[in-house]
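The values are calculated or read from the model by the stated rules, or taken from the named source; none is laboratory data. Just so we're clear, the structure is a prediction, and the values are computed from it rather than from any experiment. Glycine also receives a Cβ, built like all others from the backbone with ideal geometry; neighbour counts cover every protein chain displayed.
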Amino acid sequence: MANLRIEELNTGTTLASITDNDLIPIVDSSTLKTYPVEASKLKTYVGFGAGGMVTALTNAASSGATTIVVDDVPDGLILNSIWAVLDAPTSECEVRKVTGISSNTLTIAATSYDHAADDPVFLVWEPEVSVKWFGARGDGSTDDITPLTRAVTQAYSQGIVKVTLPNGIYPVSSNFLVKTKVTVEGYGRGLTSPYGTVIQAMAGFTDTNLVTLGDPGTQASDTWLRNLCVDANNIAAVGVFSDSINELSGMEKVFVYRPTSIGINIDSTATQCANYTLRTLWVGFDDAAGTEIGLQIKDDATGGNKSHRGVDDITIHGNPGILAGIYLEDVRGAYLSRVHVEGCTDGIRLGTASYPCRNIVITGVTGMNDVTNVIHIGSHASTDNIDIIGVFPISATNTILDDLNSKTLSGAAGLGRYHIGDFWQVSGKGFRQQYDLWFQDNVAANQSAVELVRADQVGAAPDGFINSLILGRACAITGVWVKLNANQSAGSLTVTVLKNGSSQSLTAVIDSATSFDATTVIRGTSGLACNAGDRISLTITTDGSWAPITADLRAGVEIEV
């Protein structure tokens, strides 16, 4: 039959008169030849969106049935790698793994609904489920929470790893849960025509989170949200929430739009979120009140203080302005790269006075616009090991605001590297050298701008520069320090940097029971700019109560070229 070519088609046959035994002409797209196919092999069930074969139930199957008889089964099927999709696209659609095949009889897990003879059966060998099979409309008005939830639940229960949402707007009336080990994937992120895939909070939505990624309170591995838009619609407080994503889980190519509070909230304060990936994300706000956050990651000891792995390629737009683009609280390990934020107080906020951040690497922060602080570091004493490389804002009040070290890099200056407490700017080469050259023995009280002696040039010519460091190229003095061999017991001591004999504002001060003080500054802002041939020296000033007068002193400067 398959080799018979139809040269001429009969006319006058109506669709209603076609029976299962009639032949339907089908065109082979590769050869453009037309072949006759029995109507019983075709039925009318096509377009389910996955690789497989369409057939139908030969006999009715009652709820609880563990076997079904279908009209046709192709040869070569492999058990436990094929699934039967019953009665799609309806609200009673069911997906069951095929565990036995005997002629046209399939063994499956028990069904939950009654199914009539001739109900469609789709045999698929790609582990993928479409929400359309369960009656999802995606028309922008019909509540699709039930078919979306059933699609994910059926996929999870039958060991299918992927649920697809074709183009359309899928309104939901309550939180949509992406179960553990399931990937929900759309067909694009467009929110305007032509639309991509949009999950949208509809009028009457009352839950806090629009989408929850991973079963709450567990460790959800292999759980993903990909290639779609999550539109909170200025109704839902949070676009995407997770307290469980773990190994090989995350979000990719997701547009989170119009949350009223937080775009993406990763909360590891109760369970452990760790080693996940957030990649190529866009978070946008509409009519923001100024308290919103684009991406929030929270951790604490209860959750295990796990590493939060990576955030790569994220854009956050506040409109008109939000509190923070990215907000990390008590996070003990994260990597942020390719970050762009506009319209917020803090582009990236790393901890607060109450919560530290540690072991954070940030690279490639570019194009920041209408931002007060591009990177804001909190003052908690346990904040440590923060390394920032490559920050190039467009419009910002401060590039760095470091509350812990009381340091500020004002303006939208390009920053090559900053390791917490120290600065390297793009305007320099980033190379620093320390010169520990100056000393004084038996530091006396009542000294006033007394020049310190250079240890390597005592008695050397020329006398005019005997205690100075002569600079051989343009550079900046970015630090000064002083060290005693005994702690201060009374009074104060100040070491001041001089350039060409003139006092500068760069000083190191000891006025409490310690033996060391250092000041580091920012090249190009408060750093001391110098030219080739400039002469650098240090002076010491002590008050009348300074003690101990038996202490010996060493001092030095830091130079960045």
Report whether or not residue 529 is among the small types (Gly, Ala, Ser) and either surrounded by 19 or more Cβ atoms within 10 Å (Cβ to Cβ) or assigned to a loop (DSSP other than H, G, I, E, B) (or both).
no
Pairs only if they're at least six apart or on different chains, beta carbon under 6 angstrom, first in region 147-158 and of a type in the set (A, V, I, L, M), second part of a helix (DSSP H, G or I); list them, first residue then second.
148/131; 151/131; 151/134
Matching residues, region 391-411, being of a type in the set (Ser, Thr, Tyr) and within 25 Å of the chain's Cα centre (by Cα):
395, 397, 399
Within region 535-561, residues being assigned to a loop (DSSP other than H, G, I, E, B) and at pLDDT 95 or above number 9
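Condition check ((1) at pLDDT 95 or above; (2) at positive phi; (3) surrounded by 18 or more Cβ atoms within 10 Å (Cβ to Cβ)) across all residues:
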| site | (1), (2), (3) |
| --- | --- |
| 118 | no, yes, no |
| 154 | no, no, yes |
| 161 | no, no, no |
| 171 | yes, no, yes |
Show me the strands (runs of 3 or more DSSP E) entirely contained within region 411-520 in which 2 or more residues are out of contact with any helix residue (DSSP H, G or I) (no Cβ under 8 Å at 6 or more places or on another chain) and at pLDDT below 90.
415-419, 422-425, 432-440, 475-484, 516-520
Can residue 106 be described as under 25 Å from residue 77 (Cα atoms) and in contact (Cβ under 8 Å) with a residue 12 or more places away in the chain?
yes
Here is a check on your reading of the model: is residue 332 touching a residue at least 24 places away in the same chain (Cβ under 8 Å), part of a loop (DSSP other than H, G, I, E, B) and under 21 Å from residue 249 (Cβ atoms)?
yes
Considering only residues that are under 19 Å from residue 181 (Cα atoms) and in a strand (DSSP E or B), which ones fall in region 244-263?
245, 250, 251, 252, 253, 254
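Yes/no matrix, rows are residues, columns are (1) in a strand (DSSP E or B); (2) in contact (Cβ under 8 Å) with a residue 12 or more places away in the chain; (3) in contact with a helix residue (DSSP H, G or I) (Cβ under 9 Å, 6 or more places away or on another chain); (4) closer than 21 Å to residue 224 by Cα:
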| site | (1), (2), (3), (4) |
| --- | --- |
| 265 | yes, yes, no, yes |
| 272 | no, yes, no, yes |
| 279 | yes, yes, no, yes |
| 315 | yes, yes, no, yes |
| 320 | yes, yes, no, no |
Those residues of region 479-511 which are of a type in the set (D, E, K, R) and either surrounded by 17 or more Cβ atoms within 10 Å (Cβ to Cβ) or under 16 Å from residue 537 (Cα atoms) (or both) amount to 483, 499
How many residues are under 29 Å from the mean Cα position of the chain (by Cα) and either within 28 Å of residue 60 (Cβ to Cβ) or among the β-branched types (Val, Ile, Thr) (or both) when one looks only at region 129-145?
4
Given (1) among the charged types (D, E, K, R); (2) at positive phi; (3) surrounded by 23 or more Cβ atoms within 10 Å (Cβ to Cβ), where does residue 338 come up short, assuming only one miss?
(3)
Residues (part of a loop (DSSP other than H, G, I, E, B) and either aromatic (Phe, Trp, Tyr) or buried (at least 16 other Cβ atoms within 10 Å of the Cβ) (or both)) located in region 366-397
368, 378, 380, 383, 393
Subset tally (residues that are surrounded by fewer than 24 Cβ atoms within 10 Å (Cβ to Cβ) and not in a strand (DSSP E or B)) for region 194-230
17
